[in-house]
Structure formats: C-alpha cells, structure tokens
Number of protein chains: 2
Amino acid sequence: METESKNFLAFTLDPKSGVPFYKQIILQIEMAIADGRLNCGDQLPTVRGLAVDLQINPNTVARAYSELEIRGILLSQQGSGTFISDKKIKLNEIERERILAELTRTFITKAASYGFTLNEIINYMGEFENETEKGDKENDTNDKK
Amino acid sequence: METESKNFLAFTLDPKSGVPFYKQIILQIEMAIADGRLNCGDQLPTVRGLAVDLQINPNTVARAYSELEIRGILLSQQGSGTFISDKKIKLNEIERERILAELTRTFITKAASYGFTLNEIINYMGEFENETEKGDKENDTNDKK
DNA sequence: ATTAATGTATCAATGTTCTAATACAATAAT
DNA sequence: ATTATTGTATTAGAACATTGATACATTAAT
C-alpha cells in the first residue's frame with residue numbers, strides 16, 4: 001500500500017549549512033520524536049523513498065538510519081522498512097544526559113571567563129526560574145510518561 | 001622565581017582516546033576554569049612550553065588556544081603569553097548583570113531546544129557544583145624543590 | 001639595537017569523514 | 001517461484017580535519 005507520501009514528515013536538507021546530510025536527517029528525526037510527530041512503532045520513510053525525495057544517495061539515508069539504530073532509536077527490517085524502536089526512551093535518557101553535560105560545561109566555562117562564579121550563576125538561574133514561573137506552569141521535569 | 005613548571009596545570013594527552021590533541025587541551029582548560037584552578041587574568045603555559053611538555057607541535061597548542069580565543073575565553077598577546085580573558089574588570093555591576101542575563105538566556109534557550117526544562121537544568125548544575133566543590137585534588141601544582 | 005621570549009602564518013603529509021555508484025541480500029506480495 | 005520492495009555491503013573519490021616542519025612577526029628585556 002502506497003497511500004502515504006514518501007516524505008510525510010517534510011524532511012529537508014540545507015546544503016549550505018555545513019552540516020552533513022546524514023546528520024541533518026538524524027536531527028530531524030530526533031526532533032520529530034521529541035515533539036511527538038513520530039511515536040513508538042511508527043514507520044519512517046523508506047531508504048530509497050527519502051533518498052529520491054531529498055535527491056541524495058540512498059546510502060546517505062541508510063547511514064542516518066543506521067546510526068540511530070545503533071543508538072537504539074530505530075529498528076530496521078530488510079524487506080519491511082525502518083521503524084521507531086520501542087525501547088527508545090531509556091537510551092534517549094543517556095543521550096540526553098550527555099548533551100546536557102556538554103551544554104552545561106560550555107556555558108559555565110564561558111560565564112566563568114567573564115568572572116562569574118558557579119554559585120553566582122546558579123543563584124541567577126534561580127531568579128530566572130521565578131520570573132518565568134509566573135507565566136506558564138506546566139513543567140513536570142522529573143517524571144516520564 | 002623562574003622555577004615555576006611550564007605545565008603547572010598538569011595537562012596530559014591520551015593518544016589512544018581518539019580525541020584530537022587540541023580538543024583534549026581545550027577540554028582541560030575548560031575544566032580548569034570551571035573548577036577554579038584557572039581564573040581571570042591567569043597566564044596559561046606558553047605555546048612552546050606546553051608543546052615541549054606534551055611532546056607535540058607548538059601549532060597544536062596554538063590551535064587550542066586560538067579556538068578558545070575565538071570563543072572569548074582566552075586572550076593571546078604576542079611576546080607576552082596567553083591569558084584567561086579578564087573582561088570583568090571593565091564591567092560595572094549593571095553591565096555585568098546584563099551579560100550574565102544574556103549568557104544565561106542563550107544557554108537556557110539552547111538547552112530548551114533539546115527538550116530540557118529549567119528545573120532539570122538547575123538540578124544538573126547543582127550536581128555539577130557538588131562535584132567540583134570537593135576539590136582538594138591530588139594537585140601539588142607548586143614546585144617542590 | 002640586540003636578543004630572547006612570545007604568538008602567528010604557511011604549507012605539506014597523513015588520516016578521517018562524507019557522499020555516491022554499484023552490487024548484494026532479505027522480506028513481502030503475488 | 002517470481003517479482004517488487006525493502007535494507008545492507010563494498011568501494012572509490014572528494015572534501016575536510018589533524019598534526020607537524022618551518023619560517024615569520026610582535027613584544028619585552030637587556
């Protein structure tokens with residue numbers, strides 16, 4: 001059945017960005033998972049289908065899928081297609097922690113180069129937190145679905 | 001008095017890690033800033049001094065320094081040396097607060113784009129603080145003659 | 001002015017990443 | 001069984017990253 005569009009997620013590539021094609025694909029898949037456009041069990045565009053749509057080589061799509069499969073995000077089945085894995089949530093947490101560590105270290109370094117201490121930064125972010133709390137109040141940080 | 005070690009921060013390189021030398025240097029400088037072993041105005045090892053100590057080419061050290069200078073972390077002065085940027089001296093309290101706000105907002109925005117909530121970030125930075133506070137490390141950075 | 005210290009620039013050698021051409025293999029549909 | 005659809009593997013070449021040899025430029029000290 002070929003009812004759906006090949007690229008129903010509207011993936012796009014920016015050749016001028018300097019970011020490798022396969023990484024752009026990975027990022028957009030991650031985003032789609034993060035904002036709920038892709039859920040456990042969903043099928044992704046086929047390697048060839050997406051390759052045609054993006055006008056790149058199927059291998060480049062396959063590489064993006066392969067890397068996400070190694071991370072446990074996707075599951076590829078020859079003959080059937082590529083799907084969002086069910087166990088993605090746990091492995092995603094590890095990736096999330098790594099990314100947060102990286103972002104935080106970079107930020108602290110930069111702030112420290114301006115002479116701000118870690119305590120000072122944390123205190124300020126506490127104030128920041130209070131400011132934004134009067135706006136929206138639907139942050140459940142520590143539980144997962 | 002010229003007896004201070006060239007590599008008083010005890011930088012090391014791991015050739016087997018797969019991480020480029022210049023990136024290892026950057027990371028160790030960032031860490032030293034984050035945990036307070038390096039502060040505004042401090043001089044870093046000279047390009048040649050550190051290169052000799054690490055047994056690599058001066059260009060590799062220079063590249064690490066250069067990248068940190070582009071990011072505003074370091075300041076290199078030909079003939080004098082390389083120093084941790086000391087922007088805070090020129091700043092009054094208002095400017096200082098404005099910069100911290102700017103840095104913080106940028107960081108939070110970026111982290112939020114990865115799906116991290118403000119609470120999550122603050123919690124993580126709290127852990128970071130605890131880690132670096134137990135900082136009576138095994139460093140005898142002073143000369144021991 | 002000279003020298004010694006510092007960072008900077010240029011270029012080449014080597015290794016790695018990225019993408020594509022092409023062929024192969026497994027599964028589903030018929 | 002045959003065919004269409006799917007992912008997979010191999011290889012090659014271009015682009016980029018990494019490091020080092022070497023020479024240059026600026027500043028501080030004398």
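Just a few scattered comments:
- Of the residues examined, B:LEU103 is one that is within 30 Å of A:MET31 (Cα to Cα) and either within 13 Å of chain A (Cβ to nearest Cβ) or surrounded by 14 or more Cβ atoms within 10 Å (Cβ to Cβ) (or both).
- Residues being near DNA strand D (Cβ under 9 Å from one of its atoms) and exposed (fewer than 15 other Cβ atoms within 10 Å of the Cβ) - total across the stretch B:59-77: 2
Conditions (1) more than 18 Å from A:ARG105 (Cβ to Cβ); (2) assigned to a loop (DSSP other than H, G, I, E, B); (3) touching a Lys or Arg at 6+ places or on another chain (Cβ under 6 Å); (4) in contact (Cβ under 8 Å) with a residue 24 or more places away in the chain, marked per residue:
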site: B:ILE26; (1), (2), (3), (4): no, no, no, yes
site: B:MET31; (1), (2), (3), (4): no, no, no, no
site: B:ARG48; (1), (2), (3), (4): yes, no, no, no
site: B:ASN59; (1), (2), (3), (4): yes, no, no, no
site: B:ALA64; (1), (2), (3), (4): no, no, no, yes
site: B:GLU67; (1), (2), (3), (4): no, no, no, yes
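- Tabulated pairs, the stretch A:107-122, first over 9 Å from B:ILE33 (Cβ atoms), second outside any helix (DSSP H, G or I), C-beta under 6 angstrom, 6+ apart or interchain: A:GLY115/B:CYS40
- Boolean, B:PRO45 is at pLDDT 85 or above and under 29 Å from B:LEU103 (Cα atoms): yes
- The residues in the stretch B:20-38 that are closer than 15 Å to B:SER76 by Cα and facing chain A (nearest Cβ under 9 Å) can be counted, and the count is 1.
Matching residues to (1) at pLDDT 85 or above; (2) on the phi > 0 side of the Ramachandran plot:
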| residue | (1), (2) |
| --- | --- |
| B:PRO58 | yes, no |
| B:ALA62 | yes, no |
| B:PHE83 | yes, no |
| B:GLY115 | no, yes |
| B:LEU118 | yes, no |
| B:GLU127 | no, no |
| B:LYS134 | no, no |
| B:GLU138 | no, no |
| B:LYS144 | no, no |
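- Condition broken by B:GLU93, with the remaining ones in (1) under 30 Å from A:ILE122 (Cα atoms); (2) in contact (Cβ under 8 Å) with a residue 24 or more places away in the chain satisfied: (2)
The values are calculated or read from the model by the stated rules, or taken from the named source; none is laboratory data. These figures come from a predicted structure and were not determined experimentally. FYI the Cβ positions are ideal-geometry reconstructions off the backbone, even for glycines, and counts take in every protein chain you see.
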